[in-house]
Amino acid sequence: MTLISKLPTSIPADSTPQTWSGTDLRTFLVPLDATVFIPEVAVTNTAAVAAAATTMQLSSASAVTIPANTVLRFGTSSVTVTAAADLTSAASAVTIAPAATAIAINAVSTYTNLVEIPLAEESSPTLADDEETIKVHGRSTPIRSVNGKDLTSMIKTLAGLDDPTVLRLTIKGTQKSPNNRERLLWLYPDGFALLGMVNIGAPVRTAAAGSTQRVQFSSNLSGNAYWANLNDATPTWIPIN
């Protein structure tokens, strides 16, 4: 007890940096024509929908526009909106592709204009410096910026062509620029966010006996790129370059 009584009363703060799991990196597709992010809005079905119905009544506490071809999931049932619809707290008639199953009244779906790339086994955006350098005293010293900062990324997913997001990337990856453009958003678990307009490269598919099929897409910056610190009280997008 003598030694314990002589311990300093204050305990030093632990300055060991926190580690973050790379598995928690998430990658999203953002609509090219979007002007705002819609992370999550509840959409309610206000009238029972029968199987094969082509219209339904939807409302949303937050006013939102649901674009055409949006897939809304109500529990285990899904419907595809065939024409853009403006939703408010008052129920609006929405045109849908024939419903595969009946949907109960007051069933709720969640709409977001962010489409997450499923089962992303790898997503590795890399920011690179494109500068001309010369040797000065044995060191490579930049003398001028060529293209400034560049962004490339490889995205590998375990999902296949039956997934609508993989199908969307496959369609884009088999077209020439500018028809292969997508806006990608990367969210890191430490709060770093990266946003960029890219060209999607041709899909590379790998498969072997005894292993899971993979589909890999490359992406290269074709527009502007931005980053944000989501730990800030009011995060803002900061241009890269």
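Can you tell me how many residues in segment 123-134 are surrounded by 11 or more Cβ atoms within 10 Å (Cβ to Cβ) and of a type in the set (A, V, I, L, M, F, W, C)?
2
Output the residues belonging to segment 79-122 that are without any contact (Cβ under 8 Å) to a residue 24 or more places away in the chain, exposed (fewer than 14 other Cβ atoms within 10 Å of the Cβ) and of a type in the set (A, V, I, L, M, F, W, C).
Of everything in segment 79-122, those that are without any contact (Cβ under 8 Å) to a residue 24 or more places away in the chain, exposed (fewer than 14 other Cβ atoms within 10 Å of the Cβ) and of a type in the set (A, V, I, L, M, F, W, C) turn out to be 83, 84.
Against the definition (under 24 Å from residue 80 (Cβ atoms) and in the same structural domain as residue 234 (by the TED database)), how does residue 164 come out, yes or no?
yes
Looking only at segment 1-14, decide whether some residue is part of a loop (DSSP other than H, G, I, E, B), at pLDDT 90 or above and surrounded by 10 or more Cβ atoms within 10 Å (Cβ to Cβ).
Within segment 1-14, not a single residue is part of a loop (DSSP other than H, G, I, E, B), at pLDDT 90 or above and surrounded by 10 or more Cβ atoms within 10 Å (Cβ to Cβ).
May I ask you to list the residues in segment 135-170 that are open to solvent by 70 Å² or more (accessible area, probe 1.4 Å) and either closer than 24 Å to residue 216 by Cα or within 20 Å of the chain's Cα centre (by Cα) (or both)?
Of everything in segment 135-170, those that are open to solvent by 70 Å² or more (accessible area, probe 1.4 Å) and either closer than 24 Å to residue 216 by Cα or within 20 Å of the chain's Cα centre (by Cα) (or both) turn out to be 149, 161, 162, 164, 167, 168.
Identify all residues within segment 123-139 that are outside any strand (DSSP E or B) and among the small types (Gly, Ala, Ser); write none if there are none.
Within segment 123-139, 124, 138 qualify.
Out of 90, 104, 68, I need the residue that is among the hydrophobic types (A, V, I, L, M, F, W, C) and within 30 Å of residue 224 (Cα to Cα). Which one?
68
Exactly one condition in (1) at pLDDT below 90; (2) part of a strand (DSSP E or B) is false for residue 118; which is it?
Answer for residue 118: the failing condition is (2).
So, in segment 171-196, exactly how many residues are free of Cβ contacts under 8 Å to residues at least 60 places away in the same chain and either surrounded by fewer than 19 Cβ atoms within 10 Å (Cβ to Cβ) or closer than 30 Å to residue 18 by Cα (or both)?
Looking only at segment 171-196, we keep the residues that are free of Cβ contacts under 8 Å to residues at least 60 places away in the same chain, and these are 171-180, 191-193.
Subset that is either surrounded by fewer than 19 Cβ atoms within 10 Å (Cβ to Cβ) or closer than 30 Å to residue 18 by Cα (or both): 171, 174-179, 191-193.
Qualifying residue count for the region: 10.
Please work out which residue is nearest to residue 239 (Cα to Cα), limiting yourself to segment 132-170 and to residues that are free of Cβ contacts under 8 Å to residues at least 24 places away in the same chain and among the basic types (Lys, Arg).
Among those that are free of Cβ contacts under 8 Å to residues at least 24 places away in the same chain and among the basic types (Lys, Arg), it is 144.
Considering only segment 23-38, how many residues are under 13 Å from the mean Cα position of the chain (by Cα) and exposed (fewer than 10 other Cβ atoms within 10 Å of the Cβ)?
Count: 0.
The values are calculated or read from the model by the stated rules, or taken from the named source; none is laboratory data. Please read all numbers here as calculations on a predicted model, not as lab measurements. No Cβ is skipped: glycine too gets one built from the backbone with ideal geometry, and neighbour counts run over all protein chains shown. Each accessible area value is taken on the protein alone, full model and side chains, heavy atoms only, with ligands, DNA and RNA left out. Shrake-Rupley method; radii C 1.70, N 1.55, O 1.52, S 1.80 Å.
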